[in-house]
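Read-outs: derived from the displayed coordinates by stated rules, not from any lab. Small disclaimer: the values here were computed from a predicted structure and weren't measured. All Cβ positions, glycine included, derive from the backbone under ideal geometry; neighbour counts span all protein chains shown.
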Ligand SMILES: [Zn+2]
């Protein structure tokens with residue numbers, strides 16, 4: 001269920017910047033993407049016209065079946081749209097898919113790489129404890 005496509009993001013200067021967009025990341029299928037994501041290398045963009053750059057310019061869905069939650073990671077700048085984003089999440093295909101799986105796995109929203117990395121670190125330490 002990893003979905004990667006070429007896309008473009010409109011820069012504040014009007015330039016359309018081509019980026020490789022990760023819409024969703026399933027680390028069971030693509031374990032190599034975990035490190036890439038933790039190194040904050042997903043969905044960044046750089047505008048050659050005006051030099052603007054942005055870390056995490058587009059959201060992605062992060063799926064690790066070891067976790068209790070699927071994590072939607074949104075750009076830091078969209079924090080004030082949280083209510084709208086959560087509503088959209090409830091109506092998304094991922095919600096239907098999760099319900100059909102019946103595993104009780106939830107979805108959550110984080111903003112920016114800082115929150116994302118914190119979440120992953122939390123789950124990984126929890127998972128390590130269980131394994132011991
Ligand atoms: Zn620009």
Label 7 Å along Cα→Cβ of residue 39; the stretch 52-66 residues with amide nitrogen under 19 Å?
54-57
Can you tell me the order of 66-74, 29-37, 97-105 when each peptide is scored by its average per-residue count of other Cβ atoms within 10 angstrom, highest first?
66-74, 29-37, 97-105
Hey, can you rank 119-126, 80-87 by average C-beta count inside 10 Å, highest first?
119-126, 80-87
Enter the angle in degrees (range 0 to 90, nearest 10) between the Cα long axis of helix 112-131 and the first principal axis of the Cα atoms of the chain, meaning the one along which they spread out most.
20 degrees
